[in-house]
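Q: Quick one: the structure is below, and I'll ask about it shortly.
The values are calculated or read from the model by the stated rules, or taken from the named source; none is laboratory data. Only a predicted model underlies this, so the values are computations on that prediction, with no experimental measurement involved. Cβ atoms come from the backbone with ideal geometry, glycine included; neighbour counts cover every protein chain shown.
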Amino acid sequence: MTADSVAVFALGHLAVGASAPRHQLLLFWAPFVLLHLGGQDTITAFAMQDNELWRRHLLVLVTQAAVASYVISRSTWPDRRLLAATALMFLCGLFKYGERTWCLFSARPEGLRKNSLHSLKTYAVMAGQGRTIVSRGATNAEDSLEKRIKKMLDAHGRRPPALKAETTLVSDALANDLNAIAGADALPQLLKDFKSSTHRIGAYHYVAALLSGCYDRLYTKGGLRGFWLDALKEIGCLSCSDTQDGIFFLLFLSALLFPSLAMSATLVLFVFADKHQLYSRVDVVVSYVLLVGAIVLEVASLAVSILSHSESGADKCIQHLPGRRKQWSQFLGQYNLMEAHNIEAQAKRSSVPMMWIRKLRCKLLGDKAVTHIEITEDLMMLVLDKMLEFGSHNKDWSIASSRGQLVLTAEFFSSSTPSPTRTTAIHESIHGVDFPTSVLTWHIATDMCYRLDDQAEKHDDGSDSANKKMAMKLSNYIMYLIFKCRVMLTTNSKLMHKTTMEQWRRTVES
């Protein structure tokens, strides 16, 4: 976050300090400032809003490149090899910062919406003409669905291919209608067969990899690197006898390898340049450190990019290295209303300074009421099997738009004499309020039932107890998404959450 300020200070210091005797080698360090501004390949933006500021970064690129050019122009290298090395590093710095600016530009929300709209428009036009979009190698829509399900089964324990460019990232879903999906007639049976497979948990690995690809495209340089690697792979699979394909192959390969090759050439030129008799020994050592560090970082970044897009067994081994930190997709955020109240009540019983310290901690390090748990395979299978159960029936395809009506309907039909008052109350808790308020209501009900049945769980066979615990985890996760991540959160629901906390506090205190 301080890269721009550090760059301005460093370039100004270099412009002044390089005039000292035997210290003109400091001018060679100016291109490294641009390299620093290019940032790490693992991060380009801290939030989606940063992508909207791509024009600001473009302006910084132009201004800092102009200042670096001015600093370099002051040099009078007696050895032309030092001049060539400085020019190569300057090009590397421009290239790396240009990469970051381009990634910000390509991930801007406006551009993503346009691409999504174009994809949806193409889908609608082809659907109107009686045609469907099928995946590569598929002959029809049904074959395309079969291949996609096969990819999910094969994704068990390994990362599937990266996202393709045409994948929509920011758009509303198509109509929640089975008829809107190509090959819909074969889908229920395919889902039934998928549910009977022992490797169906691979769907989680598949979706996690797709979401990881989305993250790379939005917040890192992985989308650009992945585009080059996919293009090289695609052109390499084709015959390179065509001159045009050969030119494109060389262009993509040059773009991928240019920084590492240019830095290596810079190191070679710097090694053989005449410098020890003209410049300070400390400056020479620092220059070597900067060069070797830049090369190591670039080669490591290139290796990670290649391995992350590899479909071979090597990638599978990397995912299961001992001690490897689990990915974000393997955790669930948890926010429980009752526990949040207990934490808040405990904080209020503390002294005033400690209360202010707690508030400052929450602002800087996050809310203490939010925790994260590891997703177990039992929890994965519970959610996945429930989705497959509904998706296997045409009449239940509206599950994505329902709030539990299907489950409640089945519960009422199984009851011989359903209570009208109970039916009305449950109906109003789903249809009479917005979605976040409905989640809040059912979260409280789930928490109360879980705590009331805590003693009874010790006497059952364990299966019901496990299901209740998983239901509680899912309830806490939905609360975390809405009231902490603000997904679908409205002003009325936010006020309802605050009012509920106050009412709960008064109830407990009374």
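Q: For the stretch 48-76, which positions are more than 39 Å from the chain's Cα centre (by Cα) and either modelled with pLDDT of 90 or more or among the small types (G, A, S) (or both)?
A: Residues satisfying the conditions are S73, S75.
Q: Would you confirm whether or not the stretch 82-94 contains a residue that is surrounded by fewer than 18 Cβ atoms within 10 Å (Cβ to Cβ) and without any contact (Cβ under 8 Å) to a residue 60 or more places away in the chain?
A: The first filter runs over the stretch 82-94 and keeps only residues surrounded by fewer than 18 Cβ atoms within 10 Å (Cβ to Cβ), leaving 83-84, 87, 91.
Cutting the leftovers down to without any contact (Cβ under 8 Å) to a residue 60 or more places away in the chain gives us 83, 87.
Yes, some residue in the stretch 82-94 is surrounded by fewer than 18 Cβ atoms within 10 Å (Cβ to Cβ) and without any contact (Cβ under 8 Å) to a residue 60 or more places away in the chain.
Q: Follow-up. Looking at the stretch 462-510, which of its residues are within 26 Å of the chain's Cα centre (by Cα) and loosely packed, with under 14 Cβ neighbours inside 10 Å?
A: C485, R486, V487, M488
Q: Here's a follow-up. Within the stretch 216-249, track down each residue that is at pLDDT below 75 and among the charged types (D, E, K, R).
A: Within the stretch 216-249, D230, K233, E234, D242, D245 qualify.
Q: Something else about it: Restricted to the stretch 275-305, and to residues that are loosely packed, with under 14 Cβ neighbours inside 10 Å and touching a helix residue (DSSP H, G or I) at 6+ places or on another chain (Cβ under 8 Å), which residue is farthest from L257 (Cα to Cα)?
A: Taking the stretch 275-305 as the starting set, the residues that turn out to be loosely packed, with under 14 Cβ neighbours inside 10 Å are 276-277, 281-282, 285, 288-289, 292-293, 296, 300, 303.
Still in the list and also touching a helix residue (DSSP H, G or I) at 6+ places or on another chain (Cβ under 8 Å): 276, 288, 292.
On the way: H276: 31, Y288: 21, V292: 17 Å.
The extreme case among them is H276.
Q: Please work out if N467 is under 24 Å from M381 (Cα atoms) and at pLDDT below 85.
A: Values: under 24 Å from M381 (Cα atoms): yes; at pLDDT below 85: yes.
Taking the combined requirement at face value, the residue satisfies it.
Q: Report yes if some residue within the stretch 77-95 is at pLDDT 85 or above and in contact with a His (Cβ under 9 Å, 6 or more places away or on another chain); otherwise report no.
A: Looking through the stretch 77-95, at least one residue is at pLDDT 85 or above and in contact with a His (Cβ under 9 Å, 6 or more places away or on another chain).
Q: How do the helices (runs of 4 or more DSSP H) wholly within the stretch 1-83 filter down when requiring 1 or more residues that are over 23 Å from P259 (Cα atoms): which remain?
A: Details: elements: 3-17, 30-37, 48-51, 54-73.
The helices (runs of 4 or more DSSP H) meeting that bar are 3-17, 48-51, 54-73.
Q: Could you look through the stretch 306-357, keep only residues that are among the charged types (D, E, K, R) and at pLDDT 75 or above, and pick out the one that is surrounded by the fewest Cβ atoms within 10 Å (Cβ to Cβ)? Walk me through how you get there before you give the answer.
A: Residues of the stretch 306-357 among the charged types (D, E, K, R): 311, 315-316, 324-326, 339, 344, 348-349.
Among the residues that remain, those that are also at pLDDT 75 or above are: 339, 344.
On the way: E339: 16, E344: 14.
Filtering first and then ranking leaves E344.
Q: Taking interchain pairs and intrachain pairs at least six residues apart, which have beta carbon atoms under 9 angstrom, with the first residue in the stretch 363-381 and closer than 13 Å to Y480 by Cβ and the second among the small types (G, A, S) and at pLDDT 80 or above?
A: Between residues of the stretch 363-381 that are closer than 13 Å to Y480 by Cβ and residues that are among the small types (G, A, S) and at pLDDT 80 or above, the close pairs are D367/A340; A369/A340; V370/G333; V370/A340; T371/G333; H372/G333; I373/G333.
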